[in-house]
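Chemist: Let me begin by handing over the structure; questions about it come next.
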Amino acid sequence: MAVDIDQFVDRYIAVWNEPDPVARRRRIAEVWAADAVELTPEARYQGLEALEERVTSAHNQLVRDGGHLFRSAGDATAHHGAVSFTTHMIPAAGGAIAWTGRTFATLDEDRRIRYEYQFTVDLTKAPA
């Protein structure tokens, strides 16, 4: 299954930045499979309804009210139906990275996320 990885990551990130609830719902259904599972260090979300609630809550808190945007770190890689990439949350007005996350996801035959594992990257630890 060939995946245009940069396009996939752009679509993923656009979901989190999308201000319009109707467009966000549509984008979620395009990126995640109907029975998709997202796992974060704190929680488990399953199905499009749970994912929509999770993305909307994060968008409202971090983007709409928090003044941040998400962007790709440009390090996406993929093979055998899986993708891995890093995202940064930055102030919309510019400035230092406020949060970094690493995502690993497996895709279904329609190139939508089936399982997603999201990890927070500790920005205080320097790489070895």
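Chemist: Quick one: net charge around A43, please, counting Lys, Arg +1 and Asp, Glu -1 for every other residue with C-beta under 14 Å from its C-beta.
Modeler: In short, -2.
Chemist: Here's a follow-up. Tell me whether the range 1-52 comes out rounded, prolate or oblate; compute the Cα gyration tensor, take square roots of the eigenvalues as a ≥ b ≥ c, and use a/c under 1.5 as the rounded threshold.
Modeler: oblate
Chemist: Right, something else. For H68, list long-range residues whose amide hydrogen, built 1.01 Å from N in the peptide plane, is under 5 Å from its own amide hydrogen.
Modeler: Placed amide hydrogens put V63, A92 under 5 Å from H68.
Chemist: While we're here: Just to check I understand the Karplus step: with θ = phi - 60° and J = 6.51 cos²θ - 1.76 cosθ + 1.60, what whole-Hz values come out for the range 91-102, glycine and proline as x?
Modeler: x, 4, 7, x, x, 6, 4, 9, 7, 10, x, 10
Chemist: Another question, then. Before anything else, pin down the relative contact order of the range 5-120: Cα pairs under 8 Å, at least 6 apart, normalised by residue count, whole percent.
Modeler: Reported as a whole number, the value is 26 percent.
Chemist: Further, regarding this structure: Over all distinct alpha-carbon pairs, what is the Kirkwood Rh of the chain in angstrom?
Modeler: Hydrodynamic radius (Kirkwood, Cα pairs) of the chain is 14.9 Å.
Chemist: Which is the longest run of the chain containing none of the GluC sites (Glu not before Pro) found in DSSP loop states (not H, G, I, E, B) with at most 14 other C-beta atoms within 10 Å?
Modeler: Answer - 43-108.
Every number in this text was worked out from the coordinates using simple rules, so none of it is lab data. No experiment lies behind these values; they were computed from the predicted model shown. Ideal geometry is used to build each Cβ from the backbone, glycine not excepted, and the neighbour counts take in all protein chains shown.
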